[in-house]
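Here is the structure we will look at, set down as structure tokens.
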Amino acid sequence: MPEKTQSAIIRATILLFNQYGPMVPMSLISKEAGVAAGTPFRYFRTKEELLAAAYHQAHNNTLQCVPQESIEGMSAQQAVKSIVHTIMKWSALCPHDLEYMRKYEDMVCYDCFSQRFSDTLYVGIIRDMNLWPLLSSAVRPDLPEPLLNRLISFNCSIYSRYITHRGLTPDDPEFAVLADATADSIWNSIRAD
């Protein structure tokens, strides 16, 4: 029962934070989670701790929703396109979680290129999947790994918001066309030649 309650609190936090931002009242989170006022503090010492736990849960939800396929044997171009397609699928299938992750990252005000950002939040899909050895010689030399992570994330963010806005699913023909165009656009902007 405690795990179910904690999950309900985190889910309520994600949904309400997306709507109200960091000023969402804890009383509203309690109400949305269906628990008594003050219950979230039994599980999380502070609101900041709850928001961080919700961030990590949202990240895990997206990874479980659409696992990234193995890039073993892929070219650098195929690997980047696979990553972009995965992120686009996350956008369609996990829109609340991705929106929370974006808003939380903006709220914490870390420099997204700092070590503190990678240590505290997300290291990025390139480091997470150890793609740099595959990509380093195939992308422009002025694009170090941290910048490449952010370029892929920011570009996918724009397209994924459009997918969410349109209510597209991975089964929609328009989704496939848009995901392909996004992947081609990103690859063409980062490739070495």
field: Charge dipole of the chain about the Cα centre (unit charges at C-beta), most positive-ward option of Tyr55, Gln77, Ile186
entry: Tyr55
- prompt: Long-range amide H contacts for Val139: which residues qualify at under 5 Å (H placed 1.01 Å from N, peptide plane, sequence gap of 5 or more or a different chain)?
  reply: Ala192
statement: For segment 1-79, whose charge dipole is built from +1 on Lys and Arg Cβ atoms and -1 on Asp and Glu Cβ atoms, the candidate among Gln64, Ser30, Thr5 with its Cα farthest towards the positive end is Ser30
message: How large is the Kirkwood hydrodynamic radius of segment 1-114, counting all unique pairs of alpha carbons, in Å?
response: 15.4
Listed candidates (i) 16.5, 52; (ii) 16.6, 56; (iii) 18.0, 59 - label of the one calculated as Rg and Dmax of the Cα atoms in Å: (iii)
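Every number in this text was worked out from the coordinates using simple rules, so none of it is lab data. Given the structure is predicted, the values throughout are model-derived calculations rather than measurements. Glycine also receives a Cβ, built like all others from the backbone with ideal geometry; neighbour counts cover every protein chain displayed.
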